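Visitor: Encoded as structure tokens, here's the structure I'll be asking about.
Read-outs: derived from the displayed coordinates by stated rules, not from any lab. Since the structure is predicted, the reported quantities are computational estimates derived from the model, not experimental observations. Note: ideal-geometry Cβ built from the backbone for every residue, glycine included; neighbour counts use all protein chains shown.
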């Protein structure tokens, strides 16, 4: 691998952060509102789903599952960011921006400069693929930057001695692909397996310690949009294959939907593929700094900038901010915000931003004002991308985090993609709460990881209920087959009342 650049920054201790997995709530009230908002399933765009997606898919409030992290949350660590060349031509480059954290602060100042501990372990948090190409402009040639893809690197929850953090089943992921996999099981077989005490571990980590998860999954709106659109497309395709639809194999439709939201395999990523050839990263979940040095003998590691905290210039973090263990609306709303923000920042090529937002004005409209922002790479015009970011922030994040429609909110946020995110928030006219979140290791507590089978079953049932509800509306909307819109499936495993024959 060709390492282009690397930096390290000392981080502080943090309050323990719980795992707040997504939970689904497809109650009749939400289903009715969804039917109205999407015009009976005809318009499944993110703008239509925003505000409602956060009611249907929301992080669980009542949780006692503390996320396990190497050496604990009270141990100081280093954040690292590095750029790796994937491929290069005369006019373009593909670069991977990889972020993560260490197991301890393996750096110290000395008379000879900064000394790095080669035994220091590097844990990976996210990988973003960036394309840079030369374009012609009226003012000459310049680089144009675009984001190709961005993934979290989710590892199974384990203790420092590599034993499972909780329970025998271990960690499972709840990405849309995993939920569709769960719904492909024949209902008769699934019920029999449950009675005999079997567990469906397809969402687990049987093949390794790490998985990639599209950063779109951290936003309820985007998670919901991806899932429902995949089902609608798969169902429409099934109708084309079997136009009469006398027998509709619903498990096949879920399989097709799963293929449309399939996640990237970490073993196919060019950087991690090379790392796996020279290290035990796929088994251990980390590499050492010494191993990275051996793979990049031409890189000058002595020149890596290491940023240390200036002692006494900033108040402590652990124990000084609002803890993340609360069940109140402010904690859940802030959790949703810090989960989703990195995806939107990366999508708009922003490394950091400071903004305020409120709907406490005469018209009750959400107003977002950004006063500073910095790009990930040179190239994007901040005058264009910052207003676009603010518009999406209004429509797709802030409306979703509200506990109910038109709930008054006043919020100030200082966010980065690879450092810390500070949030000061007031909901429903209440007092302000201040939170700080270590974004540089947000893959430890994503909303798509869980330790409980019940959470997987809940999400699978929620997606099924929504598909059935919208499908029923579409199927009975118009008796004219020539004008009938695309359906979402109504024959679901384990459900009755459709009148159609199911295949098992």
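Visitor: Let me know the shape class of segment 4-125, please: from the alpha-carbon gyration tensor, a ≥ b ≥ c as square roots of the eigenvalues, rounded when a/c is under 1.5, otherwise prolate if a/b is greater than b/c, or oblate.
Guide: Note, shape of segment 4-125 comes out oblate.
Visitor: Could you line up 135, 385, 449 from fewest to most neighbouring Cβ atoms inside 10 Å?
Guide: Lowest count first: 135, 385, 449.
Visitor: Same structure, new question: Please work out the FRET efficiency for the pair residue 369 and residue 320, using the Cβ-Cβ distance as r and a Förster radius of 30 Å; give the result to the nearest 0.05.
Guide: So the FRET efficiency works out to roughly 0.65.
Visitor: Test of understanding: ordering 345, 402 by Cβ neighbours within 10 Å, fewest first, what list do you get?
Guide: 402, 345
Visitor: Would you mind computing the Rg to Rh ratio of segment 315-449 from its alpha-carbon coordinates, Kirkwood style for Rh? It would help to have the intermediate numbers written out before the result.
Guide: Details: Rg = 14.5 Å, Rh = 15.3 Å.
When Rh is taken as the Kirkwood radius, the ratio is 0.95.
Visitor: Quote the FRET efficiency, to the nearest 0.05, computed for residue 111 versus residue 405 with a Förster distance R0 of 45 Å and r equal to the Cβ-Cβ distance. Each step should come with its number before you reach the end.
Guide: Numbers: r = 62 Å, r/R0 = 1.38.
Computed FRET efficiency for residue 111 and residue 405: 0.15.
Visitor: I'd like the FRET efficiency for residue 119 and residue 5, computed as 1/(1 + (r/R0)^6) with the beta carbon distance as r and R0 of 25 Å, rounded to 0.05.
Guide: About 0.65, to the nearest 0.05.
Visitor: Also: What nm value, rounded to one decimal, do you get for the distance between residue 85 and residue 131 when each label is placed 7 Å out toward the C-beta?
Guide: With each label placed 7 Å out from Cα toward Cβ, I get 2.0 nm.
Visitor: Could you give the distance between the Cα centres of segment 367-418 and segment 32-107, to the whole Å?
Guide: If we compute the Cα centre of each part, the gap is 15 Å.
Visitor: Additional query: Which of 348, 283, 131 has the fewest other C-beta atoms within 10 Å, and how do the rest follow up to the most?
Guide: In order of increasing Cβ crowding within 10 Å: 283, 131, 348.
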